[in-house]
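Before anything else, here's the structure in question.
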Amino acid sequence: MKFLQQYPKEVRGFLVASLVNSAGGSLMWPLTTMYVFDELGRSMQDAGLVILLQSVGGIAGQLFGGALYHRIGVKRLIVGSLALNALGLFSLPFINGFWPFLLPMMLFIGFCNSVSLPAIQAFIGFRFADRRGELFNVIYVANNIGIALGTAMSGFLAEISYHLSFVANGLTSVGFAIFFLTYLSRLDGSGEREEEGHHPKVKTPLPAGPGARALLGNIRIYLFMGFGSLFMWFGMSVWNTGVSPHIISEGMPKTAFSYLWTLNGILIFAAQPLTTLIKRWFARTETMQMTISAVFYAAAYMVIVVMNNYPGFVLAMVLATLGEMLISPAIPAFIADRAGNAAPFYIGVAGGMGSAGRVFGPYAMGTLYDGGGLTPVAWLAVGTAAMSFLSFIIHARLSKGRPVHESISA
């Protein structure tokens, strides 16, 4: 609590709300594969198709969220998308696994859940411009404490009812929407009297600036970073479409998989001193943090190849979590620092490219798993981590030189 005292009251409130929302979200997303594979009795290819549709919705949501930030305003964008996401989650128990309805609903949920992501990140970058790099990391840690709590409960809830997890996720989404509605309405009412006058006002949207075509032409800021994120998320599919069904097939309890993600959340909080040292000694810039994260991911997937058992999964999760801790705050911080008012657009584009990895990864790895089990899936993950490393190297080379926001307006 002493640590939190250094931040304004509104930041502390945002951290608590974000933690609760991420706890609710983590009740569902680790269990999607288990729900289709175990509860519905369908193949891993079918489970990959469900995740593919969620991810297609996620791509569209990220792109729309980034593009609409200045057009419709942050309040309507965030609150509306969270409310619609909750509506979709509440409908899942009524659908009750009916395949023709489940598939489009997962697409809808993926879209609504992702629309708010670039908007929230851009809002943080604009609202707290002087401390945004630090706050991206603090909020990332708070989110993952929520994930640790949520995943610790998810396996137990799944033993009772998968539908209970969906409803709980919907309730936390409603709560997050109410928080933002109250918080942003208060800012609208007092925006003219903000003490921190250098922060952009929430009520009046910022100028849109150059059109999408002109912004997309500036590949230095997003293209190879987006490719690196795409390959990274492709490889991350090994957990849900490789490790998860392997655990079930080996007769381990469902809670064994949720414990891995609980470990992930705990490490993100407890290993902050370690990643601080890594940043200080080896990765002072955001581009270096992205590059080194790919090395950790590759090492994690090699462990799965070599140690095809639960202790190996635990070690792999430790390595993958270190990679995640380096890259997750680095991408929005890099864009917020370099892109100026175009940051929401580029956060959406980079996030959409990353979500493309979630589209192809689960389906490709689910097909591989059905044909050969976990080992070929893990080898594919190693290959995608190598491609991510190369992409981030190219991105680091291209981003050297004059600040990117200068060339956006040029």
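Given the criteria polar (S, T, N, Q), modelled with pLDDT under 85 and assigned to a helix (DSSP H, G or I), does Ser190 qualify?
Criteria met by Ser190.
Yes/no per residue for (1) touching a strand residue (DSSP E or B) at 6+ places or on another chain (Cβ under 6 Å); (2) open to solvent by less than 40 Å² (accessible area, probe 1.4 Å); (3) in a helix (DSSP H, G or I):
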residue	(1), (2), (3)
Phe37	no, no, yes
Arg42	no, no, no
Ala47	no, yes, yes
Val50	no, yes, yes
Gly57	no, yes, yes
Gln62	no, yes, yes
Arg71	no, no, yes
Leu77	no, yes, yes
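Same structure, new question: With the requirement that a residue be in a loop (DSSP other than H, G, I, E, B) and farther than 30 Å from Met365 by Cα, what does region 272-312 give you? Don't jump to the end; show me each part of the working.
Just the residues of region 272-312 that are in a loop (DSSP other than H, G, I, E, B), to begin with: 282-285, 307-309.
Of everything in region 272-312, those that are in a loop (DSSP other than H, G, I, E, B) and farther than 30 Å from Met365 by Cα turn out to be Phe282, Ala283, Arg284, Thr285.
One residue is enough: does region 110-129 have a residue meeting the conditions modelled with pLDDT under 75, open to solvent by 60 Å² or more (accessible area, probe 1.4 Å) and aromatic (Phe, Trp, Tyr)?
Within region 110-129, none of the residues are modelled with pLDDT under 75, open to solvent by 60 Å² or more (accessible area, probe 1.4 Å) and aromatic (Phe, Trp, Tyr).
Any chance you could count how many residues in region 334-372 are open to solvent by less than 10 Å² (accessible area, probe 1.4 Å) and touching a Phe, Trp or Tyr at 6+ places or on another chain (Cβ under 6 Å)?
The number of residues fulfilling the criteria is 8.
Taking the conditions exactly as written (more than 22 Å from Phe392 (Cβ to Cβ), in a helix (DSSP H, G or I), of a type in the set (A, V, I, L, M, F, W, C) and open to solvent by 50 Å² or more (accessible area, probe 1.4 Å)), does Leu315 satisfy them or not?
So Leu315 passes the test.
Per-residue answers, yes or no, for (1) in a helix (DSSP H, G or I); (2) over 20 Å from Ser116 (Cα atoms); (3) hydrophobic (A, V, I, L, M, F, W, C); (4) not assigned by the TED database to the domain that holds Pro273:
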site: Pro329; (1), (2), (3), (4): yes, no, no, no
site: Val349; (1), (2), (3), (4): yes, no, yes, no
site: Ala356; (1), (2), (3), (4): yes, no, yes, no
site: Pro362; (1), (2), (3), (4): yes, yes, no, no
site: Leu380; (1), (2), (3), (4): yes, yes, yes, no
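Give the residues of region 248-263 that are more than 14 Å from Glu159 (Cβ to Cβ) and either at pLDDT 85 or above or open to solvent by 30 Å² or more (accessible area, probe 1.4 Å) (or both), sorted by residue number.
Across region 248-263, the qualifying residues are Ser249, Glu250, Gly251, Leu260, Leu263.
Just one of Thr375, Thr321 is closer than 30 Å to Gly251 by Cβ and open to solvent by 10 Å² or more (accessible area, probe 1.4 Å); which is it?
So the residue among Thr375, Thr321 that is closer than 30 Å to Gly251 by Cβ and open to solvent by 10 Å² or more (accessible area, probe 1.4 Å) is Thr375.
The values are calculated or read from the model by the stated rules, or taken from the named source; none is laboratory data. Note that the coordinates shown come from a computational prediction; the quantities given were computed from them, not determined experimentally. All Cβ positions, even for glycine, are placed from backbone atoms using ideal geometry, and neighbour counts span all protein chains on display. The protein model used for the area step is the full one, side chains on, heavy atoms only, and it has no ligands, DNA or RNA in it. Shrake-Rupley method; radii C 1.70, N 1.55, O 1.52, S 1.80 Å.
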